[in-house]
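Undergrad: Handing you a structure now.
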Amino acid sequence: IAANQKNEQILNSSGEGIYGLDSNGRTTFANSSAQKMLGYSFSEMKNKIQHELIHHSRTDGTPFPSKECKIYNTFLSGNVEHAEDEVFWRKDGTSFPVEYNSHPIIENNKIKGAVVSFNDISKRLNSEDLFQASEARLKIVFEESPLGIALINSLTGQIYEVNNKFAEIAGRTRSELQNLSWMDLTHPDDLDQDMKQFNALKTGKLD
């Protein structure tokens, strides 16, 4: 009894949602995080086929057959399965993107069920979407700028990308410039002073 209580405390202290399934896919336990994320109490999930309860449809709402489910595949193969492009469905009918791992429970060389651990990855995906949008805006600014812009290696001065305006000003193609450094484009009379500034930049004396 004490061991069971200890295990339950460990499960309920986890920030991950964790639930167990028997070999028929029926729920045998669910920790506090799983109940909170899914909106179901354990009593509502107990002995229910979990796929039908929370994993029945795809992101667009079309049916998701259990035979195509990686968790279901755990029962067949005995392999650990991983997914991060699927959704679970809450009690209120809304869905959320998840990353999950499904581990088989094996006793006497027979698959008796599975333990599934999962996380709501909504915030991570939103951050990735915002980053991609920011990258797209930066690319537009870079390509369409009326100013010549070059990206260089801060240690060697090697040019690794320029925009069209920079290539026009330099009188070279973009591919030609990628084989040069900024020093190759600097007038010899200016090189010493520019190198001092460049070294000050590398050492943090200049912002």
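The values are calculated or read from the model by the stated rules, or taken from the named source; none is laboratory data. Since this is a predicted model, take the numbers as computed values, not measurements. Every residue, glycine as well, gets a Cβ built from its backbone with ideal geometry; the counts of neighbours run over all protein chains shown. We work out accessible area using only protein heavy atoms, side chains counted, and drop any ligands, DNA or RNA first. Shrake-Rupley method; radii C 1.70, N 1.55, O 1.52, S 1.80 Å.
Undergrad: Can you give the angle from 0 to 90° between the axis of helix 122-144 and the longest principal axis of the chain, with both taken from C-alpha atoms, to the nearest 10?
TA: 20 degrees
Undergrad: With all protein chains present and a 1.4 Å probe, how do 91, 205 order by accessible area, largest first?
TA: In descending accessible area the options line up as 205, 91.
Undergrad: On to the next question. Which of the lysines could be linked to residue 205 by a straight reach, that is with a Cα gap under 16 Å, when you skip same-chain ones fewer than 8 residues away?
TA: Filter leaves 196.
Undergrad: How much length is gained on full extension from residue 179 to residue 83, taking 0.36 nm per residue of separation minus their Cα-Cα distance?
TA: Working: separation 96, 0.36 × 96 = 34.56 nm, distance 4.21 nm.
In short, 30.4 nm is gained.
Undergrad: Oh, and also: Full extension from residue 165 to residue 48: what is 0.36 nm times the residue separation minus their Cα-Cα distance, to one decimal in nm? Please report the intermediate quantities before stating the final value.
TA: Numbers: separation 117, 0.36 × 117 = 42.12 nm, distance 6.37 nm.
Once the chain is fully extended between residue 165 and residue 48, it gains 35.7 nm.
Undergrad: Could you give each residue of the stretch 103-111 its phi-based ³J(HN,Hα) in whole Hz, using Karplus coefficients 6.51, -1.76, 1.60 with θ = phi - 60°, and x for Gly or Pro?
TA: 10, x, 9, 10, 10, 6, 6, 10, 7
Undergrad: May I pose another question? For Cα pairs less than 8 Å apart in space and 6+ apart in sequence, what is the mean separation divided by the residue count of the stretch 21-70, i.e. the relative contact order in percent?
TA: 30 percent
Undergrad: If each residue of separation counts as 0.36 nm, what is the full-extension length gain between residue 196 and residue 32 once their alpha-carbon separation is subtracted?
TA: 53.0 nm
Undergrad: Considering amide H positions built from the backbone, and no H for Pro or chain starts, which residues 5 or more places from residue 29, or on another chain, come under 5 Å of its amide H?
TA: Amide H neighbours of residue 29: 20.
Undergrad: Let me ask something additional. Just 95, 181, 41 to compare: in a GNM of the chain, with alpha carbon springs under 10 Å, which one fluctuates most?
TA: Ranking 95, 181, 41 by mean-square fluctuation puts 181 first.
Undergrad: Moving to a separate point now. Determine by what factor the alpha-carbon radius of gyration of the chain differs from 2.2 N^0.38 Å, reporting the quotient.
TA: Working: Rg = 28.1 Å, N = 207, 2.2 N^0.38 = 16.7 Å.
Relative to the rule-of-thumb radius for its length, the chain sits at 1.68.
Undergrad: Another one. Quick one: 3J(HN,Hα) in Hz for the stretch 150-161, Karplus 6.51/-1.76/1.60 with θ = phi - 60°, rounded, Gly and Pro as x.
TA: My calculation for the stretch 150-161 gives 10, 9, 10, 6, 5, 9, 9, x, 5, 7, 10, 6 Hz in order.
Undergrad: Here's a follow-up. Nearest 10 degrees, 0 to 90: what angle lies between the long axis of helix 188-202 and the longest principal axis of the chain (Cα atoms)?
TA: The answer is roughly 30 degrees.
Undergrad: As a quick test, which of the pairs 70/112; 46/91; 48/91; 165/202 have an alpha carbon distance above 18 angstrom in this structure?
TA: From the list (70/112; 46/91; 48/91; 165/202), the Cα-Cα distance tops 18 Å for 165/202.
Undergrad: Please list, in chain and number order, the residues 5+ apart from residue 88 or on another chain whose amide H is under 5 Å from its amide H, with Hs placed from the backbone.
TA: HN-HN under 5 Å from residue 88: 96, 98.
Undergrad: Here's another thing I want to ask about it. Among 187, 82, 51, whose mean-square fluctuation peaks in a Gaussian network model of the chain (Cα, cutoff 10 Å)?
TA: 187
Undergrad: Let me check I've understood the local charge: for residue 199, count other residues with C-beta under 13 angstrom from its C-beta, Lys and Arg +1, Asp and Glu -1. What total comes out?
TA: On the way: positive: 196, 202, 205; negative: 192, 194.
That works out to +1.
Undergrad: Let me ask you something else. Name all residues of the stretch 28-42 having a backbone nitrogen under 18 Å from the label point set 7 Å from the Cα of residue 112 along its Cα→Cβ direction, giving them as ranges.
TA: Those under the cut-off are 28-30.
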